[in-house]
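Novice: One structure, as structure tokens, below. Some questions next.
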Amino acid sequence: MNARGYGLLLLAPLVCGAGAADDGRFYAGAYSFSDELGGFRITGISGSGSTADPIVLDEELSSASPVTLVIRAARPLKPFGDGGGLYANGFLHLRLVVHNGSGQGWIEFEFELEEELGVPSDFGDGLSFNQRKLTDEGLLCDRFADYHRDYEPYDRLLFRDGHVDPKSFVTFGFFVSDFTPDPIFYLRQDPRIPFS
């Protein structure tokens, strides 16, 4: 294989990526995503993580219990650098398309960032849902009309005023920024059901 062939082979994970790699992770842009902690499964992935081409992650949640997505830098860390898929720069536009396979309707959905598994992110770690911006850049949801952000003492994003029926899909979009990027962080996802 010539040099051009090797170059194309190296770029392949950046432009495609529908299924899991041999290590069970799903790769897109400069990051990998894993459902290794259980409770849900990733069914597809695409995109680079930029504003124009967010990473679109397809998931199916099998219960209404919280689950945690593992996100790893798959490329060298280069804070504030031009990511372009070659470097993990700490800035990531995400879109999650979530299938409600739980058998129960969801009335809210909360996301929480964690730099250490099980420990909510705080101001000092640099990880947030776009905390330094006042705009709602990239923030969207097709099933919930309202949202609430909590920045301190943790980084949480709660979507509310809507519902997701069983066997239905919901799409969330948001921007994750990490001004002191670590090679691994976590996104806790918590679908909420009505109290009986």
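The values are calculated or read from the model by the stated rules, or taken from the named source; none is laboratory data. Everything numeric in this text was worked out from a predicted model, so none of it was measured. Ideal geometry is used to build each Cβ from the backbone, glycine not excepted, and the neighbour counts take in all protein chains shown.
Novice: Could you please let me know if residue 88 is surrounded by fewer than 20 Cβ atoms within 10 Å (Cβ to Cβ), hydrophobic (A, V, I, L, M, F, W, C) and over 13 Å from the mean Cα position of the chain (by Cα)?
Specialist: Against the criterion (surrounded by fewer than 20 Cβ atoms within 10 Å (Cβ to Cβ), hydrophobic (A, V, I, L, M, F, W, C) and over 13 Å from the mean Cα position of the chain (by Cα)), residue 88 does not qualify.
Novice: Also, quick follow-up: If I go through region 53-84 residue by residue, how many of them are among the aliphatic types (A, V, I, L, M), more than 16 Å from the chain's Cα centre (by Cα) and not in a strand (DSSP E or B)?
Specialist: First, pick out the residues of region 53-84 that are among the aliphatic types (A, V, I, L, M): 55-57, 61, 64, 67, 69-71, 73-74, 77.
Checking which are more than 16 Å from the chain's Cα centre (by Cα) leaves us with 64, 77.
Imposing the further condition that a residue be not in a strand (DSSP E or B) reduces the set to 64.
Summing the residues that are among the aliphatic types (A, V, I, L, M), more than 16 Å from the chain's Cα centre (by Cα) and not in a strand (DSSP E or B) in region 53-84 gives 1.
Novice: Any residue in region 66-91 that's at positive phi: show its pairings with residues that are at pLDDT 90 or above and among the small types (Gly, Ala, Ser) at Cβ separation under 6 Å, as long as the two are six or more apart or on different chains.
Specialist: Partner pairs satisfying both residue conditions: 85/29; 85/30; 85/48.
Novice: Shifting gears a bit: Within region 185-196, take every residue that is part of a strand (DSSP E or B) and not hydroxyl-bearing (Ser, Thr, Tyr) and give me the one that is farthest from the chain's Cα centre (by Cα). Spell out the reasoning first.
Specialist: Just the residues of region 185-196 that are part of a strand (DSSP E or B), to begin with: 185-192.
Keeping just the survivors that are not hydroxyl-bearing (Ser, Thr, Tyr) gives 185, 187-192.
Values: 185: 10, 187: 6, 188: 9, 189: 9, 190: 13, 191: 15, 192: 18 Å.
The selected residue is 192.
Novice: Restricting the search to region 72-113, which residues are modelled with pLDDT of 95 or more and among the aromatic types (Phe, Trp, Tyr)?
Specialist: Hits for region 72-113 are 106, 109, 111.
Novice: Does residue 177 qualify as being within 19 Å of residue 33 (Cα to Cα) and of a type in the set (Ser, Thr, Tyr)?
Specialist: In short, yes.
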